[in-house]
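Just so it is clear, none of the values below were taken in a lab; they were calculated from the coordinates. All figures in this text were calculated on a predicted structure; none of them were measured in a lab. Note that each Cβ is placed from the backbone with ideal geometry, even for glycine, and that neighbours are counted across all protein chains shown.
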Amino acid sequence: MTEAALREQLAMLGASLFQRGYSVGTAGNISVRLPDGYLMTPTNSCLGRLDPARISKLAPDWTHLGGDKPSKEVFMHRAVLTARPEAGAVVHLHSTYATAIGCLAEPGETAPIPPLTPYFVMRVGRSLPVIRYYRPGDAAMESDIHEAAKGAKAVLLANHGPVVSGKTLADAVHAAEELEESARLALLLRGAGARTLTPAQVDDLLATFG
Ligand code: 13P
């Protein structure tokens, strides 16, 4: 896809997430890898009203090249995109149910959401490391997230929200949606003794769908 098409897609998918309540106010940010750098949502922008022409552009060394000032979470996005060379995009949300799980889970946990359904395993994977709390925009979060992201498509920031990568922007958005729905299911079924997928079923999904 051209940079112009990716800018349009970013604004369209941001609006879609916002309209369906995955992001409120100016919460959340999205980055996309380009051949010559990165696109990043501007700081304090509403995902529902992104102007494709004003989306920030960063150089390969992450310096600001154009568009509005980038998200304060540039360290968070850099942590994942440098840890996962195959990732083309990162979506960070404060979506309600995933964030609720991030308030219940202990930092260091790697499976705060059980494998209840196949699509959670297929889109997010086996592991969702919980990263300890950092103030939004704190550069100190980068190394923790970077280490965890080497072995996981998504991480969950304690008391903050999910950070989800995907091969493409659409993949990252779909995985973030799946993570949120799985968090909602996990909370709905909390304490109810729900059946989870077995380790063999999880292995089969990952072997079949990668
Ligand atoms: P930005 O407005 O700087 O992108 O920050 C929003 C956010 O989600 C902080 O975690």
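Could you go through region 85-96 and let me know if any residue there is within 11 Å of the ligand (Cβ to nearest atom) and more than 30 Å from PRO114 (Cα to Cα). No, the conditions are met nowhere in region 85-96.
I'm trying to understand the selection: among the residues of region 145-187, which are in a loop (DSSP other than H, G, I, E, B) and in contact with a Phe, Trp or Tyr (Cβ under 9 Å, 6 or more places away or on another chain)? Matches in region 145-187: ALA158, ASN159, HIS160.
Is there a residue being of a type in the set (Gly, Ala, Ser) and assigned to a helix (DSSP H, G or I) anywhere in region 102-121?
Yes: one or more hits.
For (1) within 12 Å of the ligand (Cβ to nearest atom); (2) among the hydrophobic types (A, V, I, L, M, F, W, C), each residue gets a yes or a no:
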| residue | (1), (2) |
| --- | --- |
| ASP36 | no, no |
| LEU47 | yes, yes |
| ARG54 | no, no |
| SER71 | yes, no |
| VAL74 | yes, yes |
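Note on region 70-82: residues that are in contact with a strand residue (DSSP E or B) (Cβ under 9 Å, 6 or more places away or on another chain) and more than 12 Å from VAL155 (Cα to Cα) total 7. The sole residue among LEU58, LEU6 that is under 18 Å from HIS174 (Cβ atoms) and of a type in the set (A, V, I, L, M) is LEU6.
Scanning region 177-210 for residues that are under 28 Å from GLU3 (Cβ atoms) and touching a Lys or Arg at 6+ places or on another chain (Cβ under 9 Å) yields GLU177, GLU178, LEU179.
Among residues of region 151-170 being of a type in the set (Val, Ile, Thr) and out of contact with any Lys or Arg (no Cβ under 9 Å at 6 or more places or on another chain), the one that is nearest to VAL24 (Cα to Cα) is VAL163.
For first residues located in region 66-88 and surrounded by fewer than 21 Cβ atoms within 10 Å (Cβ to Cβ), partners that are among the hydrophobic types (A, V, I, L, M, F, W, C) and lie 6+ apart or on another chain with Cβ distances below 6 Å form the pairs GLY67/ILE55; PHE75/ALA139; ARG78/TRP62; ALA83/ALA149; ARG84/ALA149.
Mind telling me which of the residues LEU116, LEU169, LEU187 ends up being of a type in the set (A, V, I, L, M, F, W, C), touching a strand residue (DSSP E or B) at 6+ places or on another chain (Cβ under 7 Å) and more than 15 Å from the ligand (Cβ to nearest atom)?
Exactly one residue qualifies, and that residue is LEU169.
Scanning region 14-41 for residues that are crowded, with 21+ Cβ neighbours inside 10 Å and not in a strand (DSSP E or B) yields GLY14, LEU17, TYR22, SER23, GLY28, THR41. Taken over region 42-65, the criterion of being touching a helix residue (DSSP H, G or I) at 6+ places or on another chain (Cβ under 7 Å) and surrounded by 22 or more Cβ atoms within 10 Å (Cβ to Cβ) is satisfied by LEU47, LEU50, ILE55.
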